[in-house]
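Bear in mind these aren't lab numbers, they're just calculated from the coordinates by the rules spelled out. For clarity, every value in this text was computed on a predicted model and none was experimentally measured. No Cβ is skipped: glycine too gets one built from the backbone with ideal geometry, and neighbour counts run over all protein chains shown.
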Amino acid sequence: MAKIMLCRTTHLVEINGDHTDINDDFIWKIENLIGRDFCFEDILFKLISSNPEVLDTLSDNIGKCSNCGGWTTDSESIYPVGDVSNGAYVNGQLFCDECLPDGHHLKF
Ligand SMILES: [Zn+2]
C-alpha cells in the first residue's frame, strides 16, 4: 500500500525586468514551472494545490534584508507576510532573522 506524504513548500518568485503583464496567464506559467509533476525512482511528486499571491514591495510588508539581500518581512509589524523569513527593522533598516544584531529577540 502506498504511503502518502503531504509536503507544503513555499516558493518566492522574484520577477526581474519589466514584467508589467503579471496576469492570470503569466501566473499560470509560473505555477506550471515550479509545480511540475515528476517521478524520482518509485516516488511520484504531484502538485495538488497552489496559492500564488503577487506581492507589492511598496504596500506589502516585504523587503530585502539590508545585509544579505534576502527577502524578509517585518515580523514586529501587525501584518507580517506569512511563509516569508522573519525580520525586523533596526535603526530604520530591515534585517532578516539571520542578520539581525545579536541579542535581538528574532535573531535566528
Ligand atoms: Zn539577511
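Out of all the residues in the stretch 14-27, which are without any contact (Cβ under 8 Å) to a residue 24 or more places away in the chain and surrounded by 11 or more Cβ atoms within 10 Å (Cβ to Cβ)?
Residue satisfying the conditions is Phe26 alone.
Could you tell me how many of the residues in the stretch 30-53 are of a type in the set (Lys, Arg) and either within 16 Å of the ligand (Cβ to nearest atom) or surrounded by 10 or more Cβ atoms within 10 Å (Cβ to Cβ) (or both)?
Residues flagged as of a type in the set (Lys, Arg) and either within 16 Å of the ligand (Cβ to nearest atom) or surrounded by 10 or more Cβ atoms within 10 Å (Cβ to Cβ) (or both) within the stretch 30-53 amount to 1.
Mind checking which residues of the stretch 54-74 are under 11 Å from the mean Cα position of the chain (by Cα) and away from the ligand (no atom under 13 Å from the Cβ)?
Of everything in the stretch 54-74, those that are under 11 Å from the mean Cα position of the chain (by Cα) and away from the ligand (no atom under 13 Å from the Cβ) turn out to be Val54, Leu55, Ile62.
If we keep just the residues of the stretch 75-86 that are within 16 Å of the ligand (Cβ to nearest atom) and over 13 Å from the mean Cα position of the chain (by Cα), which is surrounded by the fewest Cβ atoms within 10 Å (Cβ to Cβ)?
Glu76
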